[in-house]
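**Student:** Below is one structure. I have some questions about it.
Quick note: the coordinates plus some simple rules give every number you see, no bench work behind them. If you're wondering where the values come from, they're calculated on a predicted model, not measured in any experiment. With ideal geometry, Cβ positions are generated from the backbone for all residues, glycine too; neighbour counts draw on all protein chains shown.
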2 protein chains.
Amino acid sequence: MTGPRFTALAQSLPATVPFVGPEAQERAMGHAFRARIGANESVFGPSPKAIAAMAEAAPGAWMYGDPESFELKTALAAHHGVGFDNIVVGAGIDGLLGSLVRLIVGPGDAVVTSDGAYPTFNYHVTGYGGTLHKVPYRDDAEDPDALIEKAREVDAKLIYLANPDNPMGNWHGAERIQQTIEAVPEGAVLVLDEAYIDTAPGGTAPPLDPADPRVIRFRTFSKAYGLAGARVGYGIAAPDLIMAFNKVRNHFGMSRVSQAGALAALADQDYLRAVQAKVVAARDALAAIALKNGLRPLPSATNFVTIDCGADGVFARAVLKALVADGVFVRMPFVVPEDRCIRVSCGTEADLAVFAEALPRALNSAR
Amino acid sequence: MTGPRFTALAQSLPATVPFVGPEAQERAMGHAFRARIGANESVFGPSPKAIAAMAEAAPGAWMYGDPESFELKTALAAHHGVGFDNIVVGAGIDGLLGSLVRLIVGPGDAVVTSDGAYPTFNYHVTGYGGTLHKVPYRDDAEDPDALIEKAREVDAKLIYLANPDNPMGNWHGAERIQQTIEAVPEGAVLVLDEAYIDTAPGGTAPPLDPADPRVIRFRTFSKAYGLAGARVGYGIAAPDLIMAFNKVRNHFGMSRVSQAGALAALADQDYLRAVQAKVVAARDALAAIALKNGLRPLPSATNFVTIDCGADGVFARAVLKALVADGVFVRMPFVVPEDRCIRVSCGTEADLAVFAEALPRALNSAR
């Protein structure tokens, strides 16, 4: 009884999780977090209309969700002024990144990203046998020129760029991003992860060009729309690339309740604007807490603030550890020198009060 | 601007959908179905407690679902009397089949299934470059001996067997299935799809042996539990195989609302029993409608009844087409000689009345 014969690739992969969830940390600690401000979820919650739509959809959960996500894609196409055939809907950007990588990256294929950028993208690339080439951040930001240059050098099939960036929170303007799209080498596709675009200043996203084969833009309901747990993301790209997802995606993989929630959330742009205002206020409050503690908050176009703890990674990890032990769920960048920072998601006033109270203790404990 | 360079495998795949959803058919027809009894969804709906749990969870959809599905896996382990490390939860059996195939099947690897069995499994095998070897049904049933023999012959890495079977509805007893597990060749894994086990007679499933490396059993909340649109399935297998899913799965891919719904549904076994009784009654009613029209209903351990239309595939397809045009969503087997049948899911009394009224017309139109 030998059991499964895994592929050579599967055997080579570690059984690791890109992120440990806060629930697992709570179980390990034996108590709940007092503030859940570590995963860039939107503590302000989804639109009440989205909540109502989900509750209303729940009795109909006996039906599979429409595998074409027709209503949602129609609404998204209208919202963005692109065609229905420019949009693919999937189980969060994470799921869509997996499908994209699967379509394009085979063993040994070159992929370029920044060292310290989104680990789940790397997880997919490694998972399909691709070779990751990483360029460093420059001044705490992803470096589009270096990404393009590296892509040319290694003949990359995909180039990952998040704008605004996670985990650092900063952003490039539309013009810089458009120049980057123009500079994408032949045979490469720019994976432009715009998960945080809804909390960025106007003018951060270049106009959508639904015919451009050099870029796929990813958006999500997980951040500003407050529906991380619903698992609805989407990609916007030229029809040929969008069509290709049909070759590999889990057609009946969308939750019907989530489809209803996302549709209602998209329709409630007033609520989105109210959340955007709350995010701005919470960013300011987080920055003030950092400054009050002698730390430097980095500029942010996201729903989190990355805080420079003023020393090295060892110190920031100690601060993080003390915060977590004190019931404050936060995370931090993985890589030198960005790992001198901690990353704190926008919270409610209660969350921010917990953080304000816990941070001095954590800094003392780390010193 | 050449755009994406797809892998050779991706280029070789058709951009087809394993099943066209009823919503797409409705859009094409321009009107809604009068009876939605084609996808083996549970028209009886989920437990009211599951509905309440989902509605209650909706405001918390701003949080990612626990990537370990800890509570649900704990409850499932207790329910089945297996270990926590024997269970993997995923976005329906469809999603889990994709991960399983990805772990085990590479280009050219042999996989055995029955000709006419679940197309989504085939979609995954083809999608990862595997080679499908198909054995025919025997007397309208999957043929375990032929599957095992073929697996030996081609050195298969996976063997697919659904019990009860879809699309024919019949089943093998536990002893026969256990013998099949015992006969699995070295280096192969039996993919035992038990999606319909909750509507089968007691004694259809052999006891779970959580240490046996030769089989993975798949169960779902999509059928008797009435949560197809929630996308919650799970696999039960030896820990090594379960652990391997962590290498490739979309860790944060589970809807938090769906996790809550499934947990509540599992806890409400009284409701499940009530649904099981309704399924039995609906099967009997469907059989009676078939007989009244001079057709032969096949024995069923599922939430559908496959009806022999008494002629060939051309005739059955004409019957199906007439039913669909008349607003009755039903499906049928794909392959000769099973395609002489149509497959009708258990419906409410109203659904069954629509079917009873439409079937004679459809038969007349087909004749």
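**Student:** Which ³J(HN,Hα) values, rounded to whole Hz and listed in residue order, are derived for the range B:66-79 from phi using the Karplus coefficients 6.51, -1.76 and 1.60 in 6.51 cos²θ - 1.76 cosθ + 1.60 with θ = phi - 60°, glycine and proline given as x?
**Tutor:** Running phi through 6.51 cos²θ - 1.76 cosθ + 1.60 with θ = phi - 60° gives 4, x, 8, 6, 4, 5, 5, 5, 4, 5, 5, 4, 5, 4 Hz.
**Student:** Summing Lys, Arg as +1 and Asp, Glu as -1, what charge do residues with Cβ under 14 Å from the Cβ of A:ILE197 carry, A:ILE197 excluded?
**Tutor:** Around A:ILE197, the charge tally is -1.
**Student:** With the Cα gyration tensor of the range A:49-267 in hand, give its eigenvalues times 5 under a square root as the equivalent ellipsoid semi-axes, listed largest first in whole angstrom.
**Tutor:** They are 29, 19, 16 Å, listed largest first.
**Student:** Quickly work out the A:ASP312-to-B:ASP145 label distance, labels modelled 7 Å from Cα along the C-beta direction, and quote it in nm with one decimal.
**Tutor:** Spacing of the two 7 Å Cα→Cβ label points: 7.2 nm.
**Student:** Here is a follow-up. Using alpha-carbon positions, what is the distance between the centroids of the range B:295-315 and the range B:107-144, in Å?
**Tutor:** 22
**Student:** Using the reciprocal of the averaged 1/r over all distinct C-alpha pairs, how large is the Kirkwood radius of chain A in Å?
**Tutor:** 21.3
**Student:** Output, in nm with one decimal and in ascending order, the distances from the B:GLU186 label point to the matching label points of the other copies (7 Å from Cα along Cα-to-Cβ).
**Tutor:** So the distances to the same position in the other copies read 5.2 nm.
**Student:** So what is the calculated 222 nm ellipticity per residue for the protein assembly as shown, using -39500 (n - 2.57) for each DSSP H run with n of 4 or more, over all residues, to the nearest 500 deg cm²/dmol?
**Tutor:** Rounded to the nearest 500, the figure is -12500 deg cm²/dmol.
**Student:** Among B:VAL279, B:TYR234, B:VAL105, whose Cα sits farthest toward the positive end of the charge dipole of chain B (+1 at Cβ of Lys/Arg, -1 at Cβ of Asp/Glu, about the Cα centre)?
**Tutor:** So the residue we want is B:VAL279.
**Student:** Between B:ALA110, B:ALA282, B:ALA57, where does the largest GNM mean-square fluctuation fall for chain B, given springs only between Cα atoms within less than 10 Å?
**Tutor:** Sorting by GNM fluctuation, first place goes to B:ALA57.
**Student:** Right, next: Which order do B:MET254, A:MET168 fall in if you start with the one that has the fewest other Cβ atoms within 10 Å? Present the calculation step by step, with values, prior to reporting the outcome.
**Tutor:** Numbers: B:MET254 29, A:MET168 26.
So the residues, fewest neighbours to most, are A:MET168, B:MET254.
**Student:** Follow-up question, since we're still on this one. In the structure shown, do any of A:LYS247/B:LYS73; B:LYS157/B:LYS247; A:LYS134/A:LYS223 have a Cα-Cα gap over 21 Å, and if so which?
**Tutor:** Working: A:LYS247/B:LYS73 31 Å; B:LYS157/B:LYS247 19 Å; A:LYS134/A:LYS223 26 Å.
Checking Cα-Cα distances, A:LYS247/B:LYS73; A:LYS134/A:LYS223 exceed 21 Å.
**Student:** Right, something else. Shortest first and in nm with one decimal, please list how far the B:GLY81 label point sits from its counterparts in the other copies (point 7 Å along Cα→Cβ).
**Tutor:** Output for B:GLY81: 6.4 nm, nearest copy listed first.
**Student:** Which distances, in nm and shortest first, link the B:PRO201 label point to the same label point in every other copy, taking 7 Å along Cα→Cβ?
**Tutor:** Ordered by distance, the counterparts are at 7.3 nm.
**Student:** Give me B:ASP193, B:ASP145, B:ASP212 ranked fewest to most by other Cβ atoms within 10 Å of their Cβ, as a rough exposure proxy.
**Tutor:** Values: B:ASP193 26, B:ASP145 13, B:ASP212 17.
Ordered by Cβ neighbours within 10 Å, fewest first: B:ASP145, B:ASP212, B:ASP193.
**Student:** Quick check: the distance between the Cα centres of the range A:220-286 and the range B:54-78, to the nearest angstrom?
**Tutor:** What the calculation gives is 20 Å, centre to centre.
**Student:** Moving on to the next point. Can you tell me which of B:ILE87, B:ILE342, B:ILE177 moves the most in a GNM of chain B? Springs connect C-alpha atoms under 10 Å apart.
**Tutor:** Greatest mean-square fluctuation among the candidates belongs to B:ILE177.
**Student:** Taking 4 °C and 1.567 mPa s as the conditions, I'd like the Stokes-Einstein D for the protein assembly as shown in µm²/s, using the Kirkwood hydrodynamic radius from alpha carbon pairs. It would help to have the intermediate numbers written out before the result.
**Tutor:** Working: Rh = 26.6 Å.
Diffusion coefficient, whole number: 49 µm²/s.
**Student:** Another question about this same structure. Starting from the range A:313-367, pick out the chymotrypsin sites (Phe, Trp or Tyr not before Pro) whose DSSP state is loop and whose Cβ has at most 13 other Cβ atoms within 10 Å.
**Tutor:** Hits after loop and neighbour filter: A:PHE334.
**Student:** State the antiparallel share, in %, of DSSP beta bridges confined to the range B:50-267, rounding to the nearest 5.
**Tutor:** In the range B:50-267, DSSP labels about 35 percent of beta bridges as antiparallel.
**Student:** Pop the C-beta distance of A:LYS292 and B:GLN179 into the FRET formula with R0 = 60 Å and round what comes out to the nearest 0.05.
**Tutor:** Values: r = 72 Å, r/R0 = 1.19.
For R0 = 60 Å, the calculated efficiency reads 0.25.
**Student:** Which percent of the Cα-Cα distances in the range B:274-367 go past 14 Å?
**Tutor:** Details: 2623 of 4371 pairs.
That fraction is 60 percent.
**Student:** Follow-up. Just to be sure I understand: with springs between alpha-carbon atoms less than 10 Å apart, which residue in A:VAL17, A:VAL101, A:VAL154 has the highest mean-square fluctuation in the Gaussian network model of chain A?
**Tutor:** A:VAL17
**Student:** Sticking with this one: Considering only the other residues whose Cβ falls under 12 Å of the Cβ of B:LEU208, what net charge follows from Lys and Arg at +1 and Asp and Glu at -1?
**Tutor:** Around B:LEU208, the surrounding residues sum to -1.
**Student:** Also, I was wondering about something else. Net charge within 10 Å of A:PRO4 by Cβ-Cβ distance, Lys/Arg positive one each and Asp/Glu negative one each, not counting A:PRO4 itself?
**Tutor:** Numbers: positive: A:ARG5, B:LYS157, B:ARG214; negative: B:ASP240.
Result for the neighbourhood of A:PRO4: +2.
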